[in-house]
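Please read the structure below before turning to the comments.
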Amino acid sequence: MKLISNRLIFREFNKDDFNLYSSVFSNEQVMRYAWFDCMKEEKELLKGFSEMLEFNESKEYRKEYDFAVFSAEDNSFIGSGLVMVSYRGTIPLCGEIGYFLLPQYWGRGYATEIARAMTNFCFDSLKFHKAVASCNANNHNSEKVMKKLGMKKEGEFRKARFKSGNWDDELRYGILKEEWES
């Protein structure tokens, strides 16, 4: 599966992408506010990579869609985008989008473009009625991305994320399909 936005090309991660995956999820700057810790050990990275590939290869009741993201200008790898699917039984309800960007690409609007593409994917391809996103309350840049998408703040969960020995609050934003289309 392939997606295209103004400046980016998205394709699902495949078995040859371990180094790309590793460059994101072993980077302390990228993972600073993520809900899971930076993976430093190759064994841990291989486990996460294998699980992600299983999600991307599943055909029924798919839990996640994980995309490697490249610059359309020079085909350089810049990060990843994902959609996690929430189900009630066998009915997909909504998607939670996520975005991870390598530090050398910060501050150029790419995170917003990735998040917008993942939200479009939720509504156009997956036919969800709602898309959500969450971030560590200390990650003000990620919160700005959610606001730029037109998402509304739906809650603040106190001390919901354990990161680097501390409990941090989590912010949750969402947008309905009809809001996105208007």
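No lab work stands behind these numbers, since they all come straight from the coordinates. Everything quoted here is computed from the prediction, not taken from an experiment. In this analysis, Cβ positions are derived from the backbone assuming ideal geometry, glycine residues included, and neighbour counts consider all displayed protein chains.
Just so you know, the Cα atoms of the chain work out to an Rg and Dmax of 15.7, 46 Å.
When peptides 15-25, 157-167, 60-70 are ranked by their average number of other Cβ atoms within 10 Å per residue, the highest-first order is 60-70, 15-25, 157-167.
For segment 38-96, the square roots a ≥ b ≥ c of the C-alpha gyration tensor eigenvalues yield an a/c of 1.5 or more together with a/b not exceeding b/c, which makes the shape oblate.
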